[in-house]
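Okay, structure first, notes after.
All of the numbers you see were taken from the coordinates with simple rules; none came from a lab. Remember, it's a predicted structure, so these values are computed and weren't measured experimentally. Here the Cβ positions follow ideal geometry from the backbone for every residue, glycine too, while neighbour counts run over all protein chains shown.
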Amino acid sequence: MAELGPRLVHIVDEVPELDGVDDLTMVVTLSGFLDAGHASALAAQHLQDLADGVVVATFDVDSLYDYRARRPPVTFVHDHYEAYEAPRLNVRLLRDTGGTPFLLLRGPEPDIRWEGFAHAVREVVERFGVTRVVSLGAIPMAVPHTRPVAVTYHANDPSLLTGRSPWASEVRVPASAQALLEVRLGEWGHDALGYVTHVPHYLAQMDFPPASVVLLEQLERGGRLTVDLTALHRAAEECEEEIVAYLADHTEVADVVQALEQQYDTFRRSEETGASLLAPDEPLPTGEDLGAQFEQFLAGLDDSDDTDGKQE
């Protein structure tokens with residue numbers, strides 16, 4: 001295996017718990033780009049809380065992380081600093097609700113050296129004989145929270161897919177370390193699949209456990225694991241109650257949600273009947289049109305973040 005610069009991962013020499021295991025899933029959740037509503041982070045924490053687990057591989061964060069772009073928090077107490085929260089990127093050996101062992105790769109998405117990171121993950125996969133790698137993610141979408149959470153299914157082998165994605169055409173999107181990892185693992189002969197949930201864009205900055213529930217339900221299918229979702233279902237119900245209470249006091253937001261509901265239902269009906277959403281003489285939007293709309297959406301998020309910061 002080709003080395004790309006200094007070694008990026010340290011793997012423990014012996015893991016007796018994996019002796020004799022011939023079907024092993026590794027779950028990947030990288031915080032940052034693919035984590036709208038903190039859905040994948042909540043899912044990862046839920047998996048980690050299922051049982052105590054040991055770290056079996058540790059990545060060299062200093063070689064992958066841009067500290068000035070994402071400054072880790074530290075506590076200032078009266079006259080000194082303490083409780084520095086160092087970013088960590090590691091692999092834990094865990095067990096699902098039924099006692100089946102699996103690996104969880106969790107931490108911040110690398111800012112640099114993606115190819116080196118992919119090679120390092122390959123080392124882990126081949127060292128422990130991982131059968132499949134399942135990645136979890138979430139993206140903001142113009143969808144209402146009152147409708148089922150949609151999922152984009154993807155895999156480097158079509159036979160691994162466990163559902164049909166809503167995307168019926170080719171679309172170019174910004175890359176992620178998880179996307180590159182899936183591509184490279186396929187080139188190296190390793191199975192990789194994943195799930196990306198669609199989180200309402202107006203809830204993308206807050207915890208949205210309903211999307212985490214869907215991610216773990218899909219993981220059960222694609223990763224062949226069993227996960228007790230009782231606590232997460234409870235968190236999802238509480239989240240929905242909080243949203244209902246908020247909308248009752250903010251009619252302008254409720255109006256936006258209602259418009260999204262109408263848009264969503266119209267799209268679903270057209271999908272079921274095969275009808276077009278466009279008038280007969282209306283041209284399809286170009287890639288530049290869609291790109292401009294997406295840039296406007298991102299600019300709106302930036303403006304919202306600036307406003308929130310001033311209020312704080």
Shape of the range 9-228, Cα gyration tensor, a/c cut at 1.5:
rounded
For an R0 of 25 angstrom, estimate the FRET efficiency from the Cβ-Cβ distance between residue 10 and residue 112 and round to the nearest 0.05.
0.85
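For the range 41-129, take the alpha-carbon Rg, divide it by the Kirkwood Rh, and send me Rg/Rh.
Result: Rg/Rh = 1.04.
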Here the range 115-120 yields Karplus 3J(HN,Hα) values (6.51, -1.76, 1.60; θ = phi - 60°; whole Hz; Gly and Pro given as x) of 5, x, 4, 4, 5, 5
Which of 226, 100 comes first, and how do the rest follow, when ranked by fewest Cβ neighbours within 10 Å?
226, 100
For residue 51, other-chain or 5+-apart residues with amide H closer than 5 Å (H placed, Pro excluded) are 95
Any idea how far apart residue 254 and residue 157 come out in nm if each label point goes 7 Å out from Cα toward Cβ?
5.2 nm
Cα lying deepest toward the dipole's positive end in the range 9-228, options 144, 222, 77, charges on Cβ:
144
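Going by C-beta contacts inside 10 Å, put 117, 267 in order with the fewest on the left. Walk me through the numbers on the way to the answer.
Details: 117 25, 267 13.
Arranged by neighbour count, lowest to highest, 117, 267 become 267, 117.
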Label residue 21 and residue 63 with points 7 Å out from Cα along Cα→Cβ: what is the distance between them in nm?
2.5 nm
Can you tell me how much longer the chain between residue 52 and residue 207 gets when fully stretched, taken as 0.36 nm per residue apart minus their C-alpha distance, in nm with one decimal?
53.4 nm
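Which FRET efficiency value, to the nearest 0.05, is calculated for residue 240 and residue 267 with the Förster distance at 35 angstrom and r the Cβ-Cβ distance? Provide the component values of the computation, followed by the final result.
Details: r = 22 Å, r/R0 = 0.63.
The calculated FRET efficiency here is 0.95.
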Using θ = phi - 60° and the Karplus form 6.51 cos²θ - 1.76 cosθ + 1.60, what ³J(HN,Hα) does each residue of the range 27-44 get, whole Hz, x for Gly and Pro?
9, 10, 9, 10, 6, x, 5, 9, 9, 4, x, 6, 5, 6, 5, 5, 5, 5
